[in-house]
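Data block below; observations after.
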Amino acid sequence: MKRRKVILDVDTGSDDAVAIMLAARSEELEILGITVTWGNRPVENCTENTLRVLKLLGKEKEIPVYKGCPQPMVRYLTRQRNAALKTDGISIQKDGKEYSVHPALLNLPPSEMEPQKTHACAYLVETLLNAEEKITLIAVGPYTNVGMALRMEPGIKEHIEEIVLMGGAVNMGNITPCAEANFYHDPEAAKIILDSGIPCRIVGLNATHSAELNLDDARILREQGTAECQFVAELIETRIEALKQMGTGNGYSDAIHDALAVASVIDPAVIEKEVRCRCDVDINGGAADGELITDKRLGYEADDRVKTRVALKGSKEKFFALLLERLGEKKNGSHVR
Ligand code: BDR
Ligand code: CA
């Protein structure tokens, strides 16, 4: 089988952890490396979390991890843009207990590995410039590393097959009424990517929330008996409980955003509806800061000069079946906890 060469850019993160597990257990993908950005937590935590997940998979010596940028390209220089943001939206303290969508450190044994010495952006530039075949980037955190790499060496464009972005939303938001977190956290980086002309597929909130996993799915995952499935079940339950405690969840289901983005690279059929349209992002610092702007005026679907596609609907059934197939019981029982 011809394997697609990919680099994952993550801010691990609960759903990032599921995305990494799914990618690493899928033969269709050859993970060249994982670059880590700030986002759900400081980049140091996200890096350690990434290493922990690779340790669970027994792949910590196989897949190199590169620590990247600790903050967005420019947005913290414009302080008023952050003043409106009253909450980080991922944690709440109640009766002395913290409930978090993204625990600061994932509930896995600490890693004994260090990230590579090379900075994530330098790794991206070097690897892409020297690539003999085009590489797909799957970016599921704020896009700082990818945006910076494009600024450092625009020539890397020629070596990128496609960038799959988890982020954005059409007429939806999670971190603000109209912005999704990955876009909001570094909108300038998102803009550099969208303006680059590189083919992009955006798997945003419309798709991920249409393919939410729930507590019954978590139970089925637990029954699989593998360490991966048990950990995914725990992450799903943790997310659902945290959102319920914060008053923003329904207490039964939630989107596992980043894993759907990875799933869409493994099997495009997990996306049931996708449109081609010109995309932009608001970087003006007002109420719509970080909002994905999709130009849905007539004509773009037919215009193959437009290189951006936006997923609008996912298939929960196909997504969950893929997770079960890839992370469930292996015949040799090699990764049963
Ligand atoms: C995105 O933001 C992060 O919290 C998640 O890991 C995901 O990448 C969802 O808006
Ligand atoms: Ca993420």
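The values are calculated or read from the model by the stated rules, or taken from the named source; none is laboratory data. The shown structure was predicted, so the numbers you read here are calculated from the model rather than taken from an experiment. Neighbour counts run over all protein chains shown; Cβ positions are idealised from the backbone, glycine included. Note: areas computed on protein heavy atoms with side chains; ligands, DNA, RNA excluded. Shrake-Rupley method; radii C 1.70, N 1.55, O 1.52, S 1.80 Å.
I'd like the full set of residues that are away from ligand 2 (no atom under 16 Å from the Cβ), under 19 Å from the mean Cα position of the chain (by Cα) and open to solvent by 10 Å² or more (accessible area, probe 1.4 Å), limited to segment 230-271. Matches in segment 230-271: Glu234, Glu237, Ser253, Ile266, Asp267, Pro268, Ala269, Ile271. For Asp95, the conditions (1) at positive phi; (2) under 20 Å from the mean Cα position of the chain (by Cα); (3) not small (Gly, Ala, Ser) all hold with the exception of (2). Selection of segment 21-33 for residues being free of Cβ contacts under 8 Å to residues at least 40 places away in the same chain and outside any loop (DSSP other than H, G, I, E, B) yields Ala24, Glu30, Ile31. In this entry, Lys94 passes the filter for residues that are under 30 Å from Pro177 (Cβ atoms) and either touching a Gly at 6+ places or on another chain (Cβ under 9 Å) or in contact (Cβ under 8 Å) with a residue 60 or more places away in the chain (or both).
Take Ala189 and decide whether it is open to solvent by less than 20 Å² (accessible area, probe 1.4 Å), within 22 Å of Ala259 (Cα to Cα) and touching a residue at least 12 places away in the same chain (Cβ under 8 Å). Quick ask: steps written out before the conclusion?
Details: open to solvent by less than 20 Å² (accessible area, probe 1.4 Å): yes; within 22 Å of Ala259 (Cα to Cα): yes; touching a residue at least 12 places away in the same chain (Cβ under 8 Å): yes.
Yes; evaluated as a whole, the condition is true for this residue.
Every residue, every condition in (1) open to solvent by 30 Å² or more (accessible area, probe 1.4 Å); (2) in a strand (DSSP E or B), yes or no:
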{"position": "Gly89", "(1), (2)": "yes, no"}
{"position": "Gln93", "(1), (2)": "yes, yes"}
{"position": "Pro110", "(1), (2)": "yes, no"}
{"position": "Thr118", "(1), (2)": "yes, no"}
{"position": "Glu126", "(1), (2)": "yes, no"}
{"position": "Pro142", "(1), (2)": "no, no"}
{"position": "Glu158", "(1), (2)": "yes, no"}
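When the residues of segment 34-64 are narrowed to those that are part of a loop (DSSP other than H, G, I, E, B), away from ligand 2 (no atom under 13 Å from the Cβ) and touching a residue at least 40 places away in the same chain (Cβ under 8 Å), which ends up farthest from Asp15 (Cα to Cα)? The extreme case among them is Lys61.
Here is the figure for segment 95-104: residues that are within 16 Å of ligand 2 (Cβ to nearest atom) and assigned to a strand (DSSP E or B) total 1.
If only one of Ile31, Ile7 is within 17 Å of Thr118 (Cβ to Cβ), open to solvent by 10 Å² or more (accessible area, probe 1.4 Å) and away from ligand 1 (no atom under 11 Å from the Cβ), which one is it?
On the way: Ile7 fails: open to solvent by 10 Å² or more (accessible area, probe 1.4 Å).
Going through Ile31, Ile7 in turn, the sole match is Ile31.
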